[in-house]
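Presented below is the structure to which this report refers.
Readers should treat all values here as calculations from the given coordinates under stated rules, not as data from a laboratory. Quick caveat, the model's predicted, so the values are computed rather than measured.
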Amino acid sequence: MKKTLLTLAFLLAIGITSMYAPPAGPPGGTGGGGPIGGPTGVPIDGGLGFLAAAGIAYAGKKLFGKKQDENV
């Protein structure tokens, strides 16, 4: 049961973070001759989402393990 729940939570986290992908640009390009290798925007939303999800999962694991140790 735990493995199924963790798998479902992982897939849900991936699905949510992939919804924030930037939209595709118009077909055919812009027509302008911009500089090659110029600055580009790097989206960091997905990485931060994964980092937050991993932190929450780690904290939950630590708290659950601490409760189990106290009950034994």
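What to note about this one:
- Couplings for the range 3-14, taken from phi via the Karplus curve 6.51 cos²θ - 1.76 cosθ + 1.60 with θ = phi - 60°, read 5, 5, 5, 5, 5, 5, 5, 5, 5, 5, 5, 5 Hz in order; Gly and Pro are left as x.
- Across the range 47-54, rounded Karplus estimates of 3J(HN,Hα) from the backbone phi angles (6.51 cos²θ - 1.76 cosθ + 1.60, θ = phi - 60°) give x, 5, x, 5, 5, 5, 5, 5 Hz, Gly and Pro being marked x.
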